[in-house]
Amino acid sequence: MAFNSQCICYSFFFFFIVSLSSLLSEAQKVPAVYVFGDSLVDAGNNNHLKLSTLKANFPHNGVDYPGKKATGRFSNGKNSADFIAEKVGLPTPPPYLSLTSATNKSNLFLTGVSFASGGAGILDGSDNVFGETIALNKQIQYHSLVYGELVKELGSVQAQKHLASSLFGIVIGSNDLLGYFKQDSSIRSKYTPQQYVDLLLSNLKGQMKRIYNLGARKLVFVGAGAIGCCPAQRLQNKSRGCNEETNYWSVKYNEGVKTLLAEMKAEFKDMVYSFFNTYLALLNFIQNPAAYGFTEVSAACCGLGDLRAKLPCLPIARYCSNRKDHVFWDLYHPTEMASEIFTKLMFVGSRQYVEPINVEQLIAA
């Protein structure tokens, strides 16, 4: 009788494990998420850069993150990369630089990795400002190493299938634009705004093709937001209104990116993509805050001085208690709440926000 009871228990346990595995596989919509970008999606790469002055591994960052820990995310909590991973049933892609000392890297890369770095841009040279960052070109170099590890682990054919089914998130361009339109910019003496945007797009075209050649087939490109409305840019205006010139060229950059992606799609028939119109989404937050649950759209939550934007979110700064009411966490970055709403719009938004298809449709494609 005891033997039969054990059999029943083991059978039930086996059935439970099989059922759980089935549920997990259904919840996991893609095999992996690979992230390229800047501080909007940095999960801690800059923590590992000794010479970088652009880090978020100290309070009050992370005050709403699990464990109330500052992880290197430029946010009070989770950022868009975290929410994208949650949406597809995966853990947040770990920072690439946190894995470099591991002996068996291949397994660690199977569910994705983040190359994103605070301060990163399309153009090399951001490190001249921030001491050290991982510019997009370097991020792609790192991905080429990951590609090699995956081929070693899975074989060439299976590695290609794995990458073709994975999501590739790209969040880049804002730092390049902000660098041009900051008050003490030296770039403006070298290029007109149009020349500069053309330069960005020319470089980005080559970079995007390299990412494609390294296995990416499902691309989620997050466009530049209405960055002229961030607290740091507002502070440059006596009226404390948005910097309309910066916003104008953010729109022009986004238009160029959309053209670039459409051209790539025409050239590479097996590529599918979603372009998220962060600019429009952020502008809607600002112009119609009540619809999204916001009450403060101009000032940062964490910082010091006018608009809490004269000094950044340092440990000596004050931070607001009503963080879900704020669009901006600090000088430049959205709050966890804003990032979560952005991600929801990416996944299920109409063509007003994401085109030609949203991310749910991209995954199914």
Notebook entry, point to check: Where both residues lie in the chain, what percent of DSSP beta bridges are antiparallel, nearest 5?
Noted result: 25
Next item on the list: Any chance you could list the semi-axes, whole Å, largest first, of the equivalent ellipsoid that the Cα gyration tensor gives for the range 290-354, using √(5λ)?
Entry: 26, 11, 9
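What full-extension length gain, to one decimal in nm, is calculated for Leu51 and Lys310 as 0.36 nm per residue of separation minus the Cα-Cα distance?
Full extension of this stretch gives 90.9 nm more.
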Note to self: Per residue, how big is the convex hull of the range 216-365 when only Cα atoms are used? Give it in Å³.
What the structure shows: 113
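With the contact rule set at Cα under 8 Å and sequence spacing of 6 or more, what percent relative contact order holds for the range 190-263? Write out the running numbers ahead of the final one.
Numbers: 43 pairs, mean separation 24.8, N = 74.
Relative contact order of the range 190-263: 34 percent.
Take the alpha carbon gyration tensor of the range 266-316, find the square roots of its eigenvalues, order them as a ≥ b ≥ c, and report rounded if a/c is under 1.5; if not, report prolate when a/b exceeds b/c, else oblate. Walk me through the numbers on the way to the answer.
Details: a/c = 4.23, a/b = 1.98, b/c = 2.14.
It is oblate, given that a/c is not under 1.5 and a/b is not larger than b/c.
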Next item on the list: Quote the accessible area belonging to Cys313 in square angstrom, nearest 10, computed with a 1.4 Å probe and with ligands, DNA and RNA left uncounted.
Entry: 10
Next item on the list: Just the number, please: carbon plus sulfur as a percent of the accessible area of the chain, 1.4 Å probe, no ligands or DNA/RNA counted.
Entry: 57
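Could you work out the mean projected area of the convex hull around the alpha carbons of the range 34-173, in square nanometres to one decimal? Could the numbers behind the result be given before it?
Numbers: hull surface 33.3 nm².
Averaged projected hull area, Cα only: 8.3 nm².
Give me the dipole magnitude in Debye, nearest 20, for the range 141-288 about the Cα centre, with unit charges on the beta carbon: positive for Lys and Arg, negative for Asp and Glu. Walk me through the numbers on the way to the answer.
Values: 17 positive and 11 negative charges, 10 e Å.
Here the range 141-288 has a charge dipole of around 40 debye.
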Margin query: Between Ala164 and Leu99, how high is the FRET efficiency from 1/(1 + (r/R0)^6) when r is the Cβ-Cβ distance and R₀ = 25 Å? Nearest 0.05.
Written below: 0.65
Checklist line | Extension gain (nm, one decimal) between Lys209 and Ser156, 0.36 nm per residue minus Cα-Cα | finding: 17.1 nm
Checklist line | Solvent exposure, largest accessible area first (probe 1.4 Å, DNA, RNA and ligands not counted), of Ser101, Ser186 | finding: Ser101, Ser186
Next item on the list: For Arg188, tell me the accessible area in Å² from a 1.4 Å probe, rounded to the nearest 10.
Entry: 100
Next item on the list: Would you list the membrane-span-like helices of the chain, meaning whole DSSP H runs whose alpha-carbon atoms span at least 15 Å along their axis and whose mean Kyte-Doolittle value is at least 0.0?
Entry: 2-27, 336-348
Next item on the list: Name the residue farthest towards the positive end of the dipole of the chain from the options Phe294, Ser174, Asn57, assuming +1 on Cβ of Lys and Arg, -1 on Cβ of Asp and Glu, about the Cα centre.
Entry: Asn57
Note to self: How big is the chain along each principal axis, measuring the range of its Cα positions in Å and listing the largest first?
What the structure shows: 84, 48, 42
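The values are calculated or read from the model by the stated rules, or taken from the named source; none is laboratory data. Just so it is clear, the structure is predicted and the values come from calculations on it, not from any experiment. Using ideal geometry, Cβ is built from the backbone for each residue, glycine included, and neighbour counts are taken over all protein chains shown. All accessible areas refer to the heavy atoms of the entire protein, side chains included, with ligands and DNA or RNA removed. Shrake-Rupley method; radii C 1.70, N 1.55, O 1.52, S 1.80 Å.
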